[in-house]
1. I'd like the distance separating the alpha-carbon centroids of region 377-435 and region 643-667, in whole Å.
2. How many Lys pairs in the chain lie less than 30 angstrom apart by Cα atoms, where the lysines are 8 or more positions apart or on different chains?
3. Quote to one decimal, in nm, the extra length available between Asp691 and Tyr468 on full extension: 0.36 nm per residue of separation minus the C-alpha distance between them.
4. So, by mean Cβ neighbours within 10 angstrom, what's the order for 428-435, 705-712, 720-727, 321-328 with the highest one leading?
5. So what J values fall out for region 721-733 if you push phi through Karplus, 6.51 cos²θ - 1.76 cosθ + 1.60 with θ = phi - 60°, rounded to Hz, Gly and Pro as x?
6. Let me have the relative contact order for the chain, percent, based on Cα pairs under 8 Å that are six or more residues apart.
7. Provide Leu378, Leu607 ordered by accessible surface of protein heavy atoms (probe 1.4 Å), highest first.
8. Pop the C-beta distance of Asp626 and Arg576 into the FRET formula with R0 = 22 Å and round what comes out to the nearest 0.05.
Amino acid sequence: MPDAALQKALFELRSRPHLCLVVAFSAGLLACRQAIVLALLALVGAAALSAAGDRRLAAMAAAALVAGGLAGSARLHAIDAPAAHLRSGQRLAATVELVEAPRPGRFGGWSAEARVITGAARGARLLARSDVNTRLRRGARAAVAGLVIRPRRSPGDSFDYGAYLRRRGIAYALELESLRPLPGRPGGIDTLRRRAEHALAQGVSGERAALAAGMVLGEDERISPELKDDFRRAGLGHLLAVSGQNVVLLGALALPVLAAAGLGIRARAVVLLCLIAVYVPLAGGEPSLQRAGAMGAAGLLALLAGRPASRWYALALAAAATLLVNPRVGGDPGWQLSFAAVTGLLLLGSPLRRVFAPLPHALAEGIGATVAATLATLPLAAFHFGSLPAWSLVANLAALPAVAPAMWLGMVQVALAPFAPDAVQAAIGQATTLALGWIELVARWFSGAPGARLELGLASAPALAGVYAALAAACVGAWRLAHRAEPRLRAGAAEWRRLPRRERRLAAVAAALALVGVVYVATGPARPPRHLTVSFLDIGQGDATLIQDPHGTAVLFDGGPPEARVALKLRRLGVRRLSLMVSTHQSRDHQGGLHEVLQRIPTGLLLENGDGTSDPDYRRLIAEADRRGIRHVAARAGQVLHAGALTIRLLNPKPLPPGAPRPSDPNPRGVAAIVSSGSFDLWLSADAESDAILPLPLRRVEAMKVSHHGSADPGLPQVLRRLRPQIAAIEVGAHNLYGHPRPSTLAALNVAVPHVYRTDRDGTVQLTVEGGKIQVRTHR
């Protein structure tokens, strides 16, 4: 005999046949291309329902499962058919329409999903990519020609980009060779979207204008990669894209207005669904936004429905609707996280609201929903991404008071866009800025907190199931403890309410300040080291070397590429201020990360070696220093600088003769220097190799950074004989495209240097000098 729990579950299924059939249909859509899985699901489901004594429902569920499988197969055929005749390596000329706004690439250029609207491939969705920047907008049309390529996973890359595109209905990428915009401007919903973007920019400037467009319209293309990374690392990445939360907030904003107008519950539901139907295409109408609309509609229907059964039925309908549009979306982490979040709200939302009942109602609702959604999604996020933001729950709670105001104010601006004057929009925008500023501050703060990312090994489905089982057991245990302690909790709550209002406010403020203090201590920057420390930072394929003395002085040579986020690493290493920043030469993997460092960390002096470059990114670095009032001087051989207990002697570059053209290769003229403190000497030479180094007055040093990431250098043995270091570190990225470090370089180092370290293998390499002895430790 099945136990009581199983009997109860089977009774619930029998009492809700519509829910059972929708779930079966959704399961068929998920497994539409897997006949064996479909058969197993049908057998197990039919057996369970037959055991419950309802053979008719079992037969209907099996039929719904098969119907879902057939419908899913038909839908996948319709999605794949337009691109069926395309082949990788084929050249294609056609007219396309941009389905989304072009997204800037990491190394320049752009990419965007495009729909073919002419020719044999009409209806096919491709990922258009180009190295030439464009001003095309979403909805624009263009005549293009290029090479069709099937995206594949890069060697050593855990992310399967090709599979990600296929889940979006994109089978191929189109590498553009030519692009000619066609006359005419997008109309209809695209015109409304432009007006909405213009309205959101009123009274809000710079990064926050882009942030408002991302949070309200899902237009995150103009948000800087650094800020996007901050949100992801803090666990706030869901705020930058339109999600079910946006739709629920839209409903929460509209419901009081509809109630005041005297509409009944059904009429309110109809109006809200119409608002969602307008909002989703206004925000772009991409598959993720369609899912957000379905999930948001399910959430609103769940709120309006008084019975829990209706809420689960709404969720099941949302699953069926999204899977019917694209059955492959079931494998998308975003889809899974969305449904996990709503499931968490349905299961844990009410109990958690009761836990926080002593707080004001709106705050209790917000905290309960945030905790429920976070607990439900963290294991799944760890499974898909291998790590999760350690401070996600705290960061979401900290941002909570500003999220709804920012969303609501932005939605009001969008609603007023067709007829409100710019002055009114600007006034609303100034209020929005305050809320956006707080959210941005929370994201930046928690992204740089110690242990911001937790590496977890949830690499298999059984491990994920085990974590969810443990989480469920913990929730049940907590519920039982709370149930036993309920009389005491009620008595405590009554005592709290009997206290004078002034005392309660003072106690609440004291508790809040204590919590803020604990969070600050836990997440604040680390203390500077107590001894001279050199850190060869693990930042991928690039250079970034930090030297710190025990008095708090810090000197940084280069900042790696921008995506390495060196500024965050400096904060975790206790850097509160840089006495000196050195940009050794113009190269993205050396100066790219210095922009963010200048923006976030006070800097005394910038020693720059642009050497007359016209590179716009390098000139932007100098302009950033000027805007912040940071003094900058050109690096030249013979300069001697002092920073705390550190002495920096520059041996390279030598001044160019008058009228001499700027060298085309900046590497040989990179800054080469000896950094000294007491008897310790460190050799740093950026990307300058032996042909530039050997003519310099070299002397013995204790440690060195290997030039140019360990590239092949025939003169390296001679350099090592003159430097005679005890420790050498190679700053190099794993699986880089250049084959660094080269075998010949490693062989020379292994012969001449006792201790050789590599950031691709060892992570960040730290040398600590204490009492004339050098200790080395590595960490990731």
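The values are calculated or read from the model by the stated rules, or taken from the named source; none is laboratory data. Bear in mind the structure is a predicted one, so any value in this text is a computation, not a measurement. Because the Cβ atoms are built from the backbone with ideal geometry, glycine has one as well, and the counts that use them run over all protein chains shown. Each accessible area value is taken on the protein alone, full model and side chains, heavy atoms only, with ligands, DNA and RNA left out. Shrake-Rupley method; radii C 1.70, N 1.55, O 1.52, S 1.80 Å.
1. 47
2. So the count of such lysine pairs works out to 5.
3. Contour length minus Cα-Cα distance gives 74.3 nm.
4. Those peptides, ordered most packed to least, come out 705-712, 321-328, 428-435, 720-727.
5. For region 721-733, the Karplus curve yields 5, 8, 7, 6, x, 8, 9, 10, 10, 9, 8, 8, x Hz.
6. 8 percent.
7. Leu378, Leu607
8. So the FRET efficiency works out to roughly 0.45.
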